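J.: Please find one structure pasted underneath; my questions will follow.
A short reminder: the numbers here are calculations on the coordinates, not readings from a lab. Bear in mind the structure is a predicted one, so any value in this text is a computation, not a measurement. Note: ideal-geometry Cβ built from the backbone for every residue, glycine included; neighbour counts use all protein chains shown.
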């Protein structure tokens, strides 16, 4: 597998609806993205079974996996655990990147990979993404800031760097087993990937924190930093034409903040991370 054009998997299931946006973005960055239905990880059938080891990175995109019945991401997580749990554990232990966006973040928490335990072991969930404090689906531009941590793709990104990523979720409030004490532990270990912020970079209150997560946490990594999840959608701000203020910038050509984020991720994958 060539590092210059890594092959990446985008997992799909009934209800996934952000896989094509993510595929376009990752292809524009020079990867070879492939949308992989979860059935291809479960059994041999009309098409060849997909092997995780054949991919340099795995992305779990947004949507409403299996209709979000039971809990958001719970059914997809259960199917992955039962069909390829050991394979997924080995994939995480190998250091390859696993990314979850919105519904993907929900799925990775249901798998126990986020916030996770050292060694990448699947286990009982230690966190959940529960209904927003507003009691409704929140869809709007939102801002997040990088606070520094163990996320290798951002090793050279200045602390405090802000990004505008759209949000669209009804169950995005992060609740941790252990509450504030566990959150402070994650902060100390560098596992808070992003925090919600106001447009000027100040502390977020509703609607800039669209779900009410304590500490304004908008994304997490695992202890090793190769598994990450975030609630807002970088793939929906990849091209400038997707951003809400492109008319004020004088042109729809070019890229938005999602490009900056995903380009850093792809550089890391390309380097063999």
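J.: Counting helices only, and only those DSSP H runs with n ≥ 4, report the 222 nm mean residue ellipticity of the chain as the sum of -39,500 (n - 2.57) divided by its residues, in deg cm²/dmol to the nearest 500. Intermediate results must be reported in sequence, preceding the final value.
T.: Values: 6 runs with 66 residues, N = 273.
So the calculated ellipticity at 222 nm is -7500 deg cm²/dmol.
J.: Set the Förster distance to 30 Å, then compute FRET efficiency between residue 187 and residue 93 from the Cβ-Cβ distance, nearest 0.05. If you can, show how the numbers build up before the last one.
T.: Details: r = 25 Å, r/R0 = 0.82.
After rounding to 0.05, the efficiency reads 0.75.
J.: Considering only DSSP beta bridges where both residues belong to the chain, give the percentage that are antiparallel (nearest 5).
T.: So the antiparallel bridges in the chain amount to around 60 percent.
J.: Then there is this: How long, wide and thick is the range 1-101, going by the Cα atoms along their three principal axes, in whole angstroms, largest first?
T.: Dimensions of the range 1-101 along the principal axes of its Cα atoms: 40, 29, 28 Å.
J.: Quickly work out the residue 200-to-residue 34 label distance, labels modelled 7 Å from Cα along the C-beta direction, and quote it in nm with one decimal.
T.: Simple spin-label model gives 5.0 nm for this pair.
J.: By counting other Cβ atoms within 10 Å of each Cβ, how are 48, 87 ranked from fewest to most?
T.: So the residues, fewest neighbours to most, are 48, 87.
J.: Based on other C-beta atoms within 10 Å, arrange 139, 18, 84 from fewest to most. Write down the numbers at each step before the final one.
T.: On the way: 139 12, 18 22, 84 19.
Least crowded to most crowded, the residues run 139, 84, 18.
J.: Hey, how many Å between the Cα centroid of the range 175-252 and the Cα centroid of the range 102-170?
T.: The distance from the Cα centre of the range 175-252 to that of the range 102-170 comes to 7 Å.
J.: Still on this structure, I have one more. Over the range 1-135, what is the percentage of antiparallel beta bridges among all DSSP beta bridges, to the nearest 5?
T.: 5 percent
J.: Along each of its three principal axes, how wide is the spread of alpha-carbon positions in the range 115-253, in whole angstrom units, largest first?
T.: Dimensions of the range 115-253 along the principal axes of its Cα atoms: 48, 38, 26 Å.
J.: Here is a further query. By count of other Cβ within 10 Å, fewest leading, how are 231, 164 ordered? Could the numbers behind the result be given before it?
T.: Numbers: 231 33, 164 18.
Placing the least packed residue first, the sequence is 164, 231.
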